[in-house]
């Protein structure tokens, strides 16, 4: 881990977006979301706080791949 209090929350959305994602928090502040859109067959990363280190992004992507199944 990047040495900070990183928490991952698995989310799903079938109303506005159809898919599953993971929100990543540091000290209860939403930092990054990665979402798998099942309609579009895409994965999108959103950053809510800046700056975000490359190490944190890499860690989030790794955790997303572990937590969210492929299509």
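Among 44-52, 16-24, how do they line up by average Cβ neighbours within 10 Å per residue, starting with the highest? Intermediate values should be presented prior to the final figure.
On the way: 44-52: 11.9, 16-24: 17.6.
With the highest mean Cβ count within 10 Å placed first, the list reads 16-24, 44-52.
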Quiz item: If you line up the long axis of helix 54-67 against the longest principal axis of the chain, both from Cα atoms, how many degrees apart are they, to the nearest 10?
Solution: 40
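Gain in length, residue 70 to residue 15, computed as 0.36 nm per residue apart minus the alpha-carbon separation, to one decimal in nm? Display every interim value, and only then the final one.
Details: separation 55, 0.36 × 55 = 19.80 nm, distance 2.04 nm.
17.8 nm is the gain from fully extending residue 70 to residue 15.
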Quiz item: Among 56, 9, which comes first, then next, by fewest other beta-carbon atoms within 10 Å?
Solution: 9, 56
Quiz prompt | Relative contact order of the chain, pairs being alpha-carbon contacts under 8 Å that are 6 or more residues apart, as % | solution = 25
Quiz item: Mind checking the alpha-carbon convex hull of the chain and giving the volume per residue in Å³?
Solution: 87
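Stretch residue 53-residue 37 to full length: gain in nm at 0.36 nm per residue minus the Cα-Cα span? Don't skip to the answer; put the middle values down first.
Numbers: separation 16, 0.36 × 16 = 5.76 nm, distance 2.47 nm.
Extending this stretch completely gives an extra 3.3 nm.
Bear in mind that the values in this text are calculations on the coordinates, not laboratory data. Keep in mind it's a predicted model, so treat the numbers as computed, not measured. Positions of Cβ are backbone-derived with ideal geometry, glycine not excepted, and every protein chain shown enters the neighbour counts.
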